[in-house]
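**Student:** Below is one structure. I have some questions about it.
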Amino acid sequence: MTDFKKAATGLLKVATMTADELASRKGEDDMFVKIKRNSERLSNCSGHDFEPQPDWRSKGWGMLDRTVHCRACGGDMKIGAAHDYLRGFAHGSGQDLKSITASIWPPES
Ligand SMILES: [Zn+2]
């Protein structure tokens, strides 16, 4: 097998393993295990409850790369993805997106 094929097969194997399966081989400190654990927490959450980030304005544009923590499942989500999630939630529930996001990222007072 070529090295590339071997690497691709290895990656596919890792991608299809559960966090527990991968952790039994690599341990909990492995980066992919941590990503999978986070992904499983987020997927199994019955409804995200994001922790407010009142200091978000001081983060500048770098905040787009940051994550927001869910108090319900303990998962961390990229802010852009969290915003999309909240948009869908607001749409589905008929709640106002602005007031939902303002409770997490408060507007300038
Ligand atoms: Zn959650």
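Where a number appears in this text, it was derived from the coordinates with a stated rule and is not lab data. Computed from a predicted model, the values in this text were never measured in an experiment. Don't worry about glycine lacking a Cβ; one is built from the backbone with ideal geometry, like all the others, and counts go over all protein chains shown.
**Student:** Which loop-located trypsin sites (Lys or Arg not before Pro) does segment 1-89 contain, where loop means any DSSP state but H, G, I, E or B and the Cβ has at most 15 other Cβ atoms within 10 Å?
**Tutor:** Of the trypsin sites (Lys or Arg not before Pro), the ones in loops of segment 1-89 whose Cβ has at most 15 other Cβ atoms within 10 Å are Arg66, Arg71.
**Student:** Dipole of segment 1-79, Cα-centred, from +1 at each Lys and Arg C-beta and -1 at each Asp and Glu C-beta, to the nearest 20 debye?
**Tutor:** Dipole about the Cα centre, nearest 20: 240 debye.
**Student:** Also, quick follow-up: Which number do you get for Rg(Cα) / (2.2 N^0.38 Å) in the chain?
**Tutor:** 1.36
**Student:** Further, regarding this structure: Exactly which GluC sites (Glu not before Pro) in segment 1-67 are in a DSSP loop and have at most 12 other Cβ atoms within 10 Å?
**Tutor:** Values: sites: Glu21, Glu28, Glu40; in loops: Glu28.
Hits after loop and neighbour filter: Glu28.
**Student:** Shifting gears a bit: Just to be sure I follow: if Rg is taken over the C-alpha atoms of segment 1-44 and Rh is the Kirkwood radius over the same atoms, what is Rg/Rh?
**Tutor:** 1.06
**Student:** To continue, here is another question. With n ≥ 4 as the cut-off for DSSP H runs, can you work out [θ] at 222 nm for the chain, using -39500 (n - 2.57) per run divided by the number of residues, rounded to the nearest 500?
**Tutor:** Result for the chain: -16500 deg cm²/dmol, rounded to the nearest 500.
**Student:** Counting only pairs 8 or more residues apart or on different chains, how many lysine pairs in segment 1-83 have their Cα atoms under 29 Å apart?
**Tutor:** Lysine pairs meeting both conditions in segment 1-83 amount to 19.
**Student:** Now a separate question. So for the chain, averaging the separation of alpha carbon pairs under 8 Å that are six or more residues apart and normalising by length, what relative contact order in percent results? Write out the running numbers ahead of the final one.
**Tutor:** Numbers: 93 pairs, mean separation 22.1, N = 109.
Once normalised by length, the contact order is 20 percent.
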